[in-house]
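Every number here is computed from the coordinates shown, using simple stated rules; none is lab data. The shown structure was predicted, so the numbers you read here are calculated from the model rather than taken from an experiment. For neighbour counting, all protein chains shown are included, and Cβ atoms are generated from backbone atoms with ideal geometry for every residue, glycine included.
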């Protein structure tokens, strides 16, 4: 197992060193180290990309800093929607507790002023966002974006 992790790390480092500064395309797994290794290839490869992102824990950092094939510090509504769908479990966990890394990244990506306020607002609207376990990704992202856009105290700009 150590050999596999070491090989993946070395491949990722080599790929990172040779990747240009401009953002490359990524698939369903979103940006991060996985997208740098596997690109936007469709299908099962995106599971490997998502696993790589999760194993190295770099996607949230990449979104926040604009590195690892992730966009800049704030994005448009489509970027925010993609982030929510890609990181649904982490966003749900953080929304339930009122804060965390996923909420902090969401705050930066949506151009909101205060991660603590975003966290507490999403926590107070948790039942609206996640009415049941079977709620669709689309419904979750639509609900969160609606809250971010309409709660004036959050002052979210969505890259404006």
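Using a 7 Å offset from the Cα along the Cα-to-Cβ direction at both residue 61 and residue 155, what is the distance between the two label points in nm, to one decimal?
So the two model labels end up 2.9 nm from each other.
Rg and Dmax in Å for region 95-136, alpha carbons only: what are they?
Considering region 95-136 through its Cα atoms, Rg and Dmax are 10.5, 31 Å.
Report the semi-axes of the equivalent ellipsoid for region 77-154 in whole Å, largest first, where each axis is √(5λ) for an eigenvalue λ of the Cα gyration tensor.
16, 13, 12
As an exercise, use a Förster radius of 45 Å and the Cβ-Cβ distance of residue 44 and residue 132 to find the FRET efficiency, rounded to the nearest 0.05. Could you put the intermediate results ahead of the total?
Working: r = 29 Å, r/R0 = 0.64.
The computed FRET efficiency comes out at 0.95.
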